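Trainee: One structure coming up, written as structure tokens, with questions to follow.
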Amino acid sequence: MSGAHAHDYHLVDPSPWPGVGATAALCLTVGAVMYFHDYGPILLIIGFVLMLATMFFWWRDVIQEAEFDGHHSPVVQLGHRYGMALFIASEVMFFSAFFWAFFNASLFPTEQMGSIWPPDGVEPFNPWEIPFLNTIILLSSGVTVTFCHHEIRKENRTKAIMWMWATLALGVAFTGFQAYEYVHATFTMDGGIYGSTFYMATGFHGFHVIIGTCFLAVCQYRLYKGHFKPDHHFGFEAAAWYWHFVDVVWLFLFSCIYWWGSGSYFAGS
């Protein structure tokens, strides 16, 4: 009757954040539709603020449960690993849809495109300039985050923090170069199927890089706080898995959209 339980699972306490998160998602969706129809951004802003509040307070509660209350037993951590793996699998399906659209258009170009890919009038990026530089940057960040993980397992917090700073700097550099690339693009999303497939795939990948950078920044804060132990650091592992997933997606984007997708243009020039 002391309140202790005889199993390794964590039965979570009642929380307001699932409900607040659902309300935030509803406000964001309806607010975006209203904003696109010139009804103002008020509901959209409310939804965005609620979403940020949900993320902050809910994750704060999870960190409390994991690091201070001792609720995340090895069995619970295993469940988290399965959950993160399933989440990444769903992200694979998400990007598969964009690649499907790209290959459908590029392998079978219609007469409206001039029966060639890239379509007439489109000047794609040279894959061996900024795209190749960004490939080196992102792959390097995968190496630095791996070194950070290695130092966490060795319980060397100072070196782990150093490698995390390197990872964050590379993530910010990647985003900066992609923003520069977008500003200097000669085609737009409204310019046809090439712009639509290019910006949807690379833009959502860039969004994932920004989310991953924020994810790692939270891990850096937790490193400074001493939350991660050699045998108890799934929060960092989840961020590292996500970051490696972003790396792999970029390799496909670079190989298919930047390099192969623009090959005929540069071969012709």
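The values are calculated or read from the model by the stated rules, or taken from the named source; none is laboratory data. Since the model is a prediction, treat every value here as computed from it, not as a measurement. Cβ: placed from backbone, ideal geometry, glycine included. Neighbour counts: every protein chain shown. Keep in mind that these areas ignore ligands, DNA and RNA; they rest on the heavy atoms of the full protein, side chains included. Shrake-Rupley method; radii C 1.70, N 1.55, O 1.52, S 1.80 Å.
Trainee: Tell me the per residue accessible area of the chain using a 1.4 Å probe; a whole number in Å² is fine. Before the final figure, lay out each step's value.
Mentor: Numbers: 15520 Å² over 269 residues.
On a per-residue basis, the chain sits at 58 Å².
Trainee: Can you work out the FRET efficiency for the pair ASP69 and LEU251, with r the C-beta to C-beta distance and R0 = 41 Å, to the nearest 0.05? Let's see the in-between values first.
Mentor: Details: r = 40 Å, r/R0 = 0.97.
Step by step, r from the Cβ atoms, then E = 0.55.
Trainee: Compute the acute angle (0 to 90°) between the alpha-carbon long axis of helix 74-107 and the principal axis of greatest extent of the alpha-carbon atoms of the chain; round to the nearest 10°.
Mentor: So the helix axis and the longest Cα principal axis differ by about 10 degrees.
Trainee: Could you work out how far helix 130-153 tilts from the main Cα principal axis of the chain, as a 0 to 90 degree angle to the nearest 10?
Mentor: Result, in degrees: 10.
Trainee: Something else: Starting from the Cα gyration tensor of region 1-128, take the square roots of the eigenvalues, sort them a ≥ b ≥ c, and report rounded, prolate or oblate (rounded when a/c is under 1.5, otherwise prolate if a/b is larger than b/c, else oblate). Don't jump to the answer; show the numbers that get you there.
Mentor: Numbers: a/c = 3.75, a/b = 1.80, b/c = 2.09.
Judged from the Cα gyration tensor, region 1-128 comes out oblate (a/c at least 1.5, b/c at or above a/b).
Trainee: Also: For region 220-246, list residues with backbone N below 17 Å from a point placed 7 Å from the Cα of SER15 toward its Cβ?
Mentor: Backbone N within reach: 234-236, 238-239.
Trainee: Take ASP38 and SER140, extend 7 Å from each Cα along the Cα→Cβ direction, and tell me the distance between the two endpoints in nm.
Mentor: It works out to 4.8 nm between the two label points.
Trainee: Determine which aspartates and glutamates satisfy two conditions relative to LYS229: a Cα distance under 19 Å, and not lying fewer than 8 residues away in the same chain.
Mentor: ASP61, GLU65, GLU67, ASP69, GLU151, GLU155, GLU237
Trainee: Something else about it: Multiply the residue gap between MET200 and HIS80 by 0.36 nm, knock off their C-alpha separation, and tell me the result in nm, one decimal place. Before the final figure, lay out each step's value.
Mentor: Working: separation 120, 0.36 × 120 = 43.20 nm, distance 2.98 nm.
That works out to 40.2 nm of additional length.
Trainee: Once fully extended, how much extra length lies between HIS232 and PHE177, figured as 0.36 nm per residue of separation less the alpha-carbon to alpha-carbon distance?
Mentor: Working: separation 55, 0.36 × 55 = 19.80 nm, distance 3.52 nm.
Contour length minus the Cα-Cα distance gives 16.3 nm.
Trainee: Looking at the square roots a ≥ b ≥ c of the eigenvalues of the Cα gyration tensor of the chain, which shape do they give, rounded for a/c under 1.5, prolate if a/b is larger than b/c, or oblate? List each step's numbers first, then the result.
Mentor: Details: a/c = 2.38, a/b = 1.61, b/c = 1.48.
It comes out prolate by the Cα gyration axes.
Trainee: Let me ask you something else. How far is helix 193-225 tilted, in degrees, relative to the longest principal axis of the Cα atoms in the chain, given as a value from 0 to 90 rounded to the nearest 10?
Mentor: Result, in degrees: 30.
Trainee: Any chance you could run the full-extension gain for PHE103 through ALA217? It's 0.36 nm times the residue separation minus the Cα-Cα distance, nm to one decimal. The partial results should precede the final answer.
Mentor: On the way: separation 114, 0.36 × 114 = 41.04 nm, distance 3.51 nm.
Result for the pair: 37.5 nm of gain on full extension.
Trainee: Something else now. For region 59-85 and region 168-246, what is the separation of their C-alpha centers, rounded to whole Å?
Mentor: For region 59-85 versus region 168-246, the Cα centre distance is 24 Å.
Trainee: Right, here's the next one. Taking 8 Å as the Cα distance limit and 6 or more residues as the minimum spacing, I'd like the relative contact order of region 103-181 as a percentage. Show your work: numbers first, answer last.
Mentor: Working: 55 pairs, mean separation 20.3, N = 79.
Relative contact order of region 103-181: 26 percent.
Trainee: Let's see if you can work this out: charge +1 on each Lys and Arg Cβ, -1 on each Asp and Glu Cβ, no other charges. What is the dipole magnitude of region 25-124 about its Cα centre, in debye to the nearest 20?
Mentor: Working: 2 positive and 9 negative charges, 42 e Å.
Charge dipole of region 25-124: 200 debye, to the nearest 20.
Trainee: For an R0 of 45 angstrom, estimate the FRET efficiency from the Cβ-Cβ distance between TRP58 and GLN112 and round to the nearest 0.05. Don't jump to the answer; show the numbers that get you there.
Mentor: Details: r = 47 Å, r/R0 = 1.05.
The calculated FRET efficiency here is 0.40.
Trainee: Note down the relative contact order for the chain as a percent, whole number, built from C-alpha pairs under 8 angstrom at least six residues apart. Could the numbers behind the result be given before it?
Mentor: On the way: 243 pairs, mean separation 54.0, N = 269.
Computed value for the chain: 20 percent relative contact order.
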